[in-house]
1. Based on what the data block shows, is residue 94 closer than 18 Å to residue 21 by Cβ and either more than 12 Å from the chain's Cα centre (by Cα) or part of a helix (DSSP H, G or I) (or both)?
2. Could you count how many residues in segment 68-87 are surrounded by fewer than 19 Cβ atoms within 10 Å (Cβ to Cβ) and at pLDDT 85 or above?
3. For residue 193, state whether it is on the phi > 0 side of the Ramachandran plot, surrounded by 17 or more Cβ atoms within 10 Å (Cβ to Cβ) and either touching a helix residue (DSSP H, G or I) at 6+ places or on another chain (Cβ under 6 Å) or at pLDDT below 95 (or both).
Amino acid sequence: MDKAAGVMELMFPPHCLFCGEVKPFRENCPDCAELETKNRLTGERRFNYQFLTRSTKNVTATISSYIYSDEVANLIARYKFRRYYTMAREMAKIMAADILELLGADCCDLVLPVPAHESGVSQHSALLAKRVAKILEKQYSNEILTKGKETKPQHRLSFAERAENLKGVFSVIKAEEVENKRILLCDDVMTSGNTLNECAAALLAAGAAEVLAATFAATSASPRSSGDEQRQSDAEKRQFDAEKQASDGKDSGDEGGSRKLKKKKSSDKKRKNRKKKAEKPDEPRT
């Protein structure tokens, strides 16, 4: 860590992604260690996680840092829907560390975000991509790959419908910027892989040499049968509803949510204070 980065970290200390509390300097949050262990992808599992069940034929390799569990869905909800964009720093640091470990510093020439339609307001993918590019010391742009039209929400569609929903919606407006270059796409979550695949198709058609992808989280698997498809769809809808509740400032009901963790910490502190008070002998009256 350089001196400037160290000063910035002291002025704006990192917060735990799960509970939102300030983390001990260069350490993980002790209260969320179990959640970190439960949800973190490690070792080779981060590389092409469950790739045989996804639609990513145009993507050479994918790197994912966490399993998209209820707890991870909640932290992404705070980032995406509540606009807690300061979380991008910590999320990007984790993503970049995984990229460097598994693919190396020279894995790409250009970092791009998965684009949103201009009618949208979310910048979550762009912020992640920009910070990842800075750590990797690579070129970044959000003006090369575009989404030409608004599409139906992917989580409301079957997996067969998802591919059709995104056909031809992504395009490259500056082909000379991607020609013969290795591109790294960044996004928050990978589910079926169709979004990344369609982005990669547009980049390859414009002359890109290769397309890689990095996401903060990935669903545990994509369905193979119609029964699995329905269960996966139902699970994603529940997670989306939890995210929307979080965006409205409501408690999602997840035990790993920041509200419950903060309430638990407050309750534990009050209980310790009551215990200390009970153990303290009464002072003699004068």
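The values are calculated or read from the model by the stated rules, or taken from the named source; none is laboratory data. Only a predicted model underlies this, so the values are computations on that prediction, with no experimental measurement involved. Counting neighbours? That spans all protein chains shown, and the Cβs are built from the backbone with ideal geometry, glycine included.
1. yes
2. Final tally of qualifying residues: 2.
3. yes
Listed here are the residues, each with its yes/no results for (1) among the charged types (D, E, K, R); (2) closer than 20 Å to residue 140 by Cβ.
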{"site": "67", "(1), (2)": "no, no"}
{"site": "75", "(1), (2)": "no, no"}
{"site": "82", "(1), (2)": "yes, no"}
{"site": "88", "(1), (2)": "no, yes"}
{"site": "94", "(1), (2)": "no, yes"}
{"site": "109", "(1), (2)": "yes, yes"}
{"site": "114", "(1), (2)": "no, yes"}
